[in-house]
Amino acid sequence: MNIRILFISLLCSAATLAQQTETEKDPNQEQTVSGSKVGSITLGAYLPIALGENFVNDGMNLKMGAQAQLKLNVLGDFYVGPAMSFFFAEVTDRELVGNYDRMNNLVLGGVVGYEKQVQRFDLSIGLGVGYSGYFNRGLGDSFEDNGTALWLRPEVSYKVANYISFYVAPEFRHDFMNIEVPSELEDTFGGVNYFNVGFGLRINLGTGYKFQ
């Protein structure tokens, strides 16, 4: 799948950038006692909540999914990296959404953001954009709708060990859908607003987190 190839390429490019950042440092420069903070990986649950009048909120019952994100510190407190999320849904109104039973949503994209450390807390806010796929399944039929997801994601994490934290991250997301419908249904199928909540485990990368 081209999307999977794109996601893997983003991950490899971000990792390469972080490695170059480390290797390009002056070898004669003395390391500080605080070490370096390379970035972090977050893995956790993803609770989707659709808002407003649209085909997801009006015609589906959303189920919990999961999310993952890699942050790489590239310029001071700023970071970049790939991100993904998915969740499931059961159709509750076939007359509205169509003749299928269930839907799987997958988002693959990238984020840029800013993070600040305050004692054992890490506070960040990120802006992401990516592909959003709606994979629909029914009896003897399957098809895909897709669009572009744009989201704003604040995050608060608390460090419980040198390299381990727990995080919670509310997310404001809008999916711009590419679904061809009659003009009178454009408001229902043209886009979806979400308020999502993520929470789970954060793995801190770099010796700098040991001294935080």
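Could you check GLY208 against (1) touching a helix residue (DSSP H, G or I) at 6+ places or on another chain (Cβ under 6 Å); (2) outside any strand (DSSP E or B); (3) surrounded by fewer than 20 Cβ atoms within 10 Å (Cβ to Cβ) and say which number it fails?
That leaves (1) as the condition not met.
Have a look at VAL107, VAL112 and point out the one that is assigned to a strand (DSSP E or B), without any contact (Cβ under 8 Å) to a residue 40 or more places away in the chain and of a type outside the set (Asp, Glu).
One residue alone meets the criteria, VAL112.
Name the single residue, out of those in segment 171-184 being in contact with a Phe, Trp or Tyr (Cβ under 7 Å, 6 or more places away or on another chain) and assigned to a strand (DSSP E or B), that is most open to solvent (accessible area, probe 1.4 Å).
My answer is PHE172.
Looking at this structure, is GLY110 open to solvent by less than 10 Å² (accessible area, probe 1.4 Å), under 19 Å from the mean Cα position of the chain (by Cα) and small (Gly, Ala, Ser)?
no
Condition first: touching a strand residue (DSSP E or B) at 6+ places or on another chain (Cβ under 7 Å), part of a loop (DSSP other than H, G, I, E, B), at pLDDT below 95 and surrounded by fewer than 14 Cβ atoms within 10 Å (Cβ to Cβ). Can you find one or more residues in segment 126-143 that meet it?
The answer is no; no qualifying residue exists.
Going by the conditions given, is ASN162 open to solvent by 40 Å² or more (accessible area, probe 1.4 Å), farther than 30 Å from GLU53 by Cα, outside any strand (DSSP E or B) and not basic (Lys, Arg)?
When the stated conditions are applied, ASN162 passes them.
The values are calculated or read from the model by the stated rules, or taken from the named source; none is laboratory data. Note that the structure is predicted; figures quoted are calculated from it, not measured. So basically every Cβ, Gly included, is an ideal-geometry build from the backbone, and we count neighbours across all protein chains shown. Heavy atoms of the whole protein, side chains included, go into the accessibility calculation; ligands, DNA and RNA do not. Shrake-Rupley method; radii C 1.70, N 1.55, O 1.52, S 1.80 Å.
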